[in-house]
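So the structure is just underneath, and the comments pick up after that.
The values are calculated or read from the model by the stated rules, or taken from the named source; none is laboratory data. Fair warning: this is a prediction, and the values are worked out from it, not measured in the lab. Every residue, glycine among them, receives a Cβ derived from its backbone with ideal geometry; neighbour counts consider all protein chains shown.
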Amino acid sequence: MIIRRPGFGSTMAGLSVLLLATGIAALAIGATGFGLGGLLHPGSAGRDDVAWLVLSQIRAPRVVLAALTGAALATSGAVMQGLFRNPLADPGLIGVSSGAALGAAIVIVAGGAWLGSGAMGRWAVPVGGMAGSLASTALLYLITTREGVTSTNLVILTGVALGAFAAALTGILIFRANDTALRDLTFWTMGSLAGATWTRIGLLLPFLLAATILMAGLASPLNALLLGETDAALMGYRVERAKRLAMLGVSVATGPVVAFVGVIGFIGVVVPHLVRMVTGPDHRLVLPGSALLGAILLLTADTIARIIAIPADVPVGVVTAAIGAPLFVWLLIRLHDVDVPS
Amino acid sequence: MTLRLDAVSLHGRERPLLDTVSLTLHPGEIVAVIGPNGAGKSTLLRLASGLAAPTSGTVSLDGTPIGDLPPERLAARRAMLGQDSVLRARFSVGELVRLGIRPPCAPAQREAIASEALRRVGLEAFAGRDVMSLSGGERQRAHLARVLAQLAPSMHVGRPGFLLLDEPISAQDLARQRLVMDIARDHARQGGGCLMVLHDLNWAASRADRILVLNHGRTCAEGAPAEVLTPDMLETAFDIAAPRLRIHVETGRPFVIPHDFARFRATTERKSASCTSP
């Protein structure tokens, strides 16, 4: 079987154009429709102050947050799949998102009283999410890795268990708390982008920038790791360092995002696979490709979530699960066919 | 410019895997490691490559303890072909080989190194093929090409490195066994050292400069093939009944005929094969 690959430039350019188009469509579509004309001439829409407010303060931050979240989750999924050499690794499936949600919930419940609503209180929530995801990633790694060998089946099973445990603790916190910030369990388990504000995006950006820097150097080591840790080490890669960087990068990207949008499933597992089908396994393409396609798909899912039951706002996790779960099963069957082992 | 193992031991959970073994690999030399299953051959390679650190004793490369070398520099000085690969990604053969070439290396040079390595292992026509679609023997040679490519930059600057091969012909047909053994020979001729674990005593006898026999983690014998491969040693180390030995009339290298096959007479009769290649 001869393998043909598209070039780096054309893949990224194609995905970027698609992302731009999706973003514009997402801005235009919604309970308050703007149409392309309204977007291009904000002045005309601006006559209606309410409409302009909807666009600039509600819709636009939501679109940006959806894109950033999709990019963060999908890239994290791609890194985790490389790190654990497991095609099913995904922050949602293996409990990292649930850990992040627990971390954020603990900060909100325990810290709400003394952190206040100042700068410290604002930063505490994403930091809590990051700590939660770092703790669950590290715990997962410790449990499933013996003498440098990570058991792939154990990763999934342990991750599911860890995720369920973290979700249970979050549930207890929510029922014990009377804090308004924790108003409903649906947010943490299904995810929602409805709370998007420019402030939150501003809080997220430093984390995502740090995660990008952490993950940028990972492409080559992750490629080598596809040959196994032994061969990667023999080829001169600092395997332990790469693994720590990968876990840190995933936690820094996933934790703060989950703290603001809850647990959104399937983006992390499905997107990297879709990208790989086109680009092949090279992480120099898979990582940026996943970021772009993750942004596109979550943006699409959130637009569907906004308009499918107007005026109600369906949790975006419902949409990603409804689309992602069948895709996931299809991927499993396909992976089975090409004999990608468990 | 040597790879030196000095009285190395490695203790496993229950038994010593390797017990005070010493070996020096010089440039331009092929050393074959033989011994029964579980004798510690692969463990010796793991220690020689720096993958594992010995419980006692030292491993040094060019006089530097191997653990003190930065991974990048170590990778430029030695490359190792393991027994099994866990690769499950759908890389093409060419992509797999290029993975072995560390940056900094100009794309044109990478390309040249990769295609030269593929040519050497007889896979030049396979560059675009999916590694997962290859047969076991082809895949083993694809990984060998990756390992050769890893050392190629150091060969180019006149510092040939050390090639560590763990059963490199285990999946190869007869013609490809010769091909792989010739690659080892060429590497040595270019001034590189080659340490290889072999199960085929006769390939070891015909191509190695020295043979190290391991048994129960200890050195059983070490020296030139003719000195080492004696019926007594084979009986002791391999637990096989009285093998016969033939000696090559020109090279003086031994050829081992196991007891079971010692009573066959020679035949000169040729029958045309019905399975000609297409």
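Observations on the structure shown:
- Looking only at region A:229-265, and only at residues there that are outside any helix (DSSP H, G or I) and in contact (Cβ under 8 Å) with a residue 60 or more places away in the chain, the one that is farthest from the other protein chains (Cβ to nearest Cβ): A:Gly262
- Failed condition for B:Gly50, given (1) more than 12 Å from chain A (Cβ to nearest Cβ); (2) on the phi > 0 side of the Ramachandran plot: (1)
- On inspection, B:Gly128 does not qualify as on the phi > 0 side of the Ramachandran plot and either more than 22 Å from the chain's Cα centre (by Cα) or more than 9 Å from chain A (Cβ to nearest Cβ) (or both).
- Which numbered condition B:Pro71 misses (of (1) within 25 Å of B:Arg139 (Cα to Cα); (2) within 12 Å of chain A (Cβ to nearest Cβ); (3) at pLDDT 90 or above): (1)
- Subset of region B:231-278 (residues that are modelled with pLDDT under 75 and acidic (Asp, Glu)): B:Glu269
- When region B:74-93 is filtered for residues that are more than 8 Å from every other protein chain (Cβ to nearest Cβ) and either basic (Lys, Arg) or buried (at least 22 other Cβ atoms within 10 Å of the Cβ) (or both), the ones remaining, listed by number, are B:Arg77, B:Arg78, B:Leu81, B:Val93.
- If the condition is being out of contact with any helix residue (DSSP H, G or I) (no Cβ under 8 Å at 6 or more places or on another chain) and free of Cβ contacts under 8 Å to residues at least 12 places away in the same chain, then region B:112-134 contributes B:Ala112, B:Arg119, B:Ala125, B:Ser133.
- Test result for B:Met181, without any contact (Cβ under 8 Å) to a residue 60 or more places away in the chain, out of contact with any Pro (no Cβ under 6 Å at 6 or more places or on another chain) and closer than 24 Å to B:Thr20 by Cα: no
- Residue within region A:282-290 that is within 20 Å of A:Ser192 (Cβ to Cβ) and under 14 Å from the mean Cα position of the chain (by Cα) present: no
- Looking only at region B:53-68, and only at residues there that are free of Cβ contacts under 8 Å to residues at least 60 places away in the same chain, of a type in the set (A, V, I, L, M, F, W, C) and not in a loop (DSSP other than H, G, I, E, B), the one that is farthest from the other protein chains (Cβ to nearest Cβ): B:Val59
- Of all positions in region B:230-241, none carries a residue that is touching a residue at least 40 places away in the same chain (Cβ under 8 Å) and among the polar types (S, T, N, Q).
- B:Pro103 meets all of the listed conditions (1) part of a helix (DSSP H, G or I); (2) within 14 Å of chain A (Cβ to nearest Cβ) but one, namely (1).
- Verdict on A:Leu285 being crowded, with 22+ Cβ neighbours inside 10 Å and within 14 Å of chain B (Cβ to nearest Cβ): no
- Test: residue in region B:7-17 that is farther than 17 Å from B:Thr219 by Cα, within 14 Å of another protein chain (Cβ to nearest Cβ) and buried (at least 22 other Cβ atoms within 10 Å of the Cβ): no
- Test: residue in region A:8-18 that is within 14 Å of another protein chain (Cβ to nearest Cβ), over 24 Å from A:Pro311 (Cβ atoms) and at pLDDT 65 or above: yes
- Within region B:106-122, if we keep just the residues that are in contact with a Lys or Arg (Cβ under 6 Å, 6 or more places away or on another chain) and not basic (Lys, Arg), the residue that is nearest to the other protein chains (Cβ to nearest Cβ) turns out to be B:Ala114.
- As for region A:315-329, it holds at least one residue that is touching a helix residue (DSSP H, G or I) at 6+ places or on another chain (Cβ under 8 Å), within 26 Å of A:Leu208 (Cα to Cα), outside any helix (DSSP H, G or I) and away from chain B (no Cβ under 14 Å).
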